[in-house]
Amino acid sequence: MSDRQHYLGEQLSHAVLQRRQREVAERHRRAMGQVSELLDNQKQIGRELSSGLTTLKRQRSELDRMEQQETDSSLLASLVRPFTARRSALARRSIAEGLLRQYEQVSVRLREATAFSDELKLCALELQQEVDRLHRELGEALHNQRVAAERVLQLEEALVEVDEDASLRPEEQARRRDRFEFDARTEAVSLELYKAAAELCRQHIPPARALRDTVLQLHEEMAQYVLSATHTVNAAGRRIQGLGMLADAPIVVQELQESLDELNLAMEATADYVERSSHLIAEVLPHLSARVQAESEATEAALEMELAAIDRERSRVHAERTLREAAQDEIESLLGKDP
Amino acid sequence: MELPLERVGSYVRALRAALDALAPNEDHVSLSASLDHLHALDPAVGGSLLLPAEVSDHTGMPTYQWLERARSEAVLAARGTDDADPSDAELERASALDPELGRRMRDRRTLYRHLRLAELLPATRLGGAVRRVGPGGWTQIALAYDRMAPDGRWVRVRVELKTPGPPTGALRLDAQGRLVIDEALKHLFTRHFSTPLLALRSQLIDALGAEVLHLSRGWTGPFWFPGVELPPSVPTALGQGLLLHASIEIIATDVHTSKHLDPWEPPPDEIVPEGQGSFRERRFAASDERLAEAVRDWSASRGVRAQVTTLQLTRPRRL
């Protein structure tokens, strides 16, 4: 057995496997917490946007009222105008002032969304790293499972050979038998452990992948929104700055309304985005969480039972099955199928 | 115009150096806020976070939307603390996953840390303070209205006024004797900040029922450099270096002899109120002595002896 294959990665024991299981669950819990935090941020952006939209609507109504007043050619309006024109200068509001305040709010929301988009990207990358780690560990576990299976079968053969070897003295035969039985049981436990490790990875890959896809989708949508809103907000900013000097002349009311429309468009796009992605997270996260929790508990219970019930015949059958499955996996891998 | 990335840093640093050389006084927007705000725009601080770097074609000053991006980031920066920012280890981890994202996160941390300590220029702001309260309740009040003007220049309107009795209406005092300014007065300044100074003075007297002792308007900018469209009356030589203007108009009781030292604007046809004088001046910061000489020649041709300072592209001092 000198040319035998070696195990990859960390030497596995029951304690190590339990630790790994805790680590995977902990990383998943942390990722869920992070995504939930992102969701809270997103909800806050949504609330602020909603208040911004209300203000925009109010300003739009004010502009409409002004335009109506300026274009009112009725007799009553003509009679009243000289008196209203003499109202105290303090009572009149500046449209430019209102627009600048509104632009400031929209601009803050946009910068916030930009920073948030980077947070989402980082979160998606970390989740991808987790998926990569699980795939790597699965690969190692499958390799090690195959190595353990081969060793179990080799030891079984060795045991048969020892039993059939008449040239050995009884003491030597007994010594070798003890040694091989001990090794066979050790490798049988390793086989179970690697099988459980592979199962652990298999179970966690789909939820980790789903979480990654959720965050990735959030990031893609947010990045797209930021791109289009930036363009609209910049256009509105140029218009607002350009019109500032004349902002209180009635002639520019129409153009100011267009600025408001541009800001409104940007904010509505964000509101739509927030609503869509909130729904996505609210649907996906609780389901994933419950699934990961249930599967972790089930894996641990199954492993306890397997380890308690190890015997030689069962190990041999299991080792043969493992090698068959490993061969099958290799074929599927060649065909490009996911583990 | 949008500055190419490689010119942004040098533009911002040149404008800072020019401001530092002119050292505008309290009749202009705050020098420290101007310097801090420009520093935030420097890619050496925030990388590409605040781009695109847009400047006015006509005045060469940063546009409102570029400046506003720094103000928006300051709002977000104020929500956090230096301690809560991503650590070096977190940034290294992010860089390992995606170098561009890591760089952006590092730039954001640097920018936030600057903005948490920085004073920034406001889009519009009206502030004030009580200077003195006399017998019968007359009150002397100082007001300062700052604005990023639509053409990109920065302007401050400063008013010293005296109410005949305790202030009422748009200006009043709270229980602790502090000045409370009604939002309506800010609207009035926003509507009239660029109207001729005497007309603005009349508006203020009508609106506040107070005596205006000092009214000044200080402009920072334009900032001419190659690429900025100069007004037709200006020799092209004046656009071949870096040239920052700072101009001031004052009508006040403490101006005893009226003077006009602005080569750009002709003396206005105005009748200054009795007991007050008017003062107008334009100063320049030029990038080199040859440009300074060209400015002096041009000013002399318009009958004014110009004040020109040459700027040093070194670390600006703080007043």
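Please treat every number below as a calculation from the coordinates, not as lab data. Worth saying up front: this structure is predicted, and the values here are computed from it rather than measured. Counting neighbours? That spans all protein chains shown, and the Cβs are built from the backbone with ideal geometry, glycine included.
Between the helical axis of B:31-41 and the dominant principal axis of chain B, each derived from Cα atoms, what acute angle in degrees is found, rounded to the nearest 10? The angle comes out at about 30 degrees. Residue by residue along B:86-97, Cβ atoms of other protein chains within 10 Å of the local Cβ number 2 on average.
For B:Glu2, what is the net charge nearby, where nearby means another residue's Cβ is under 14 Å from its Cβ and Lys, Arg count +1, Asp, Glu -1? That sum, taken over residues with Cβ under 14 Å, equals 0. Between segment A:95-158 and segment B:92-128, how many Å separate their Cα centres? Distance between centres, Cα-based: 25 Å. Treating r as the C-beta distance of B:Thr253 and B:Ser32 and R0 as 25 Å, the FRET efficiency rounds to 0.30. Counting every other Cβ atom within 10 Å of each residue's Cβ, A:Phe182, B:Phe189 order from fewest to most as A:Phe182, B:Phe189.
Taking each DSSP H run with n ≥ 4 as -39500 (n - 2.57) and averaging over every residue of chain B yields -11000 deg cm²/dmol at 222 nm. Ordering B:Thr163, B:Leu238, B:Val212 by the projection of their Cα atoms onto the charge dipole of segment B:124-310, which places +1 on the Cβ of Lys and Arg and -1 on the Cβ of Asp and Glu, puts B:Thr163 at the extreme positive end. With both labels modelled 7 Å from their Cα along Cα-to-Cβ, the B:Gln307 to B:Glu2 distance reads 3.9 nm.
With a Förster radius of 41 Å applied to the C-beta separation of A:Leu323 and A:Arg30, the computed FRET efficiency comes to 0.65. Per residue of B:62-73, other chain Cβ atoms within 10 Å of the residue Cβ number 6 on average. Per the Cα gyration tensor, segment B:124-310 maps to an equivalent ellipsoid with semi-axes of 36, 18, 13 Å, ordered largest to smallest.
The C-alpha radius of gyration of segment B:5-117, expressed as a fraction of 2.2 N^0.38 Å, stands at 1.16. Peptide A:98-111 has a mean of 4 when you count, residue by residue, the C-beta atoms of other protein chains within 10 Å of its C-beta.
Global dimensions of chain B from alpha-carbon coordinates: Rg and Dmax equal 22.0, 72 Å. Residues in segment B:274-299, backbone N under 20 Å from the label point at B:Thr236 (7 Å along the Cα-to-beta-carbon vector): list them, ranges by number please. Zone members listed by number: B:287-288, B:290-299. Note on A:Asp261, B:Asp262: ascending count of other Cβ atoms within 10 Å places them as A:Asp261, B:Asp262, the fewest first. For helix B:88-97, report the angle its Cα long axis makes with the longest principal axis of the Cα atoms of chain B; keep it between 0 and 90° and round to the nearest 10°. Here the helix axis deviates by roughly 60 degrees.
Highest-first packing order for the peptide set A:26-37, B:233-244 is B:233-244, A:26-37, based on the mean count of other beta carbon atoms within 10 Å.
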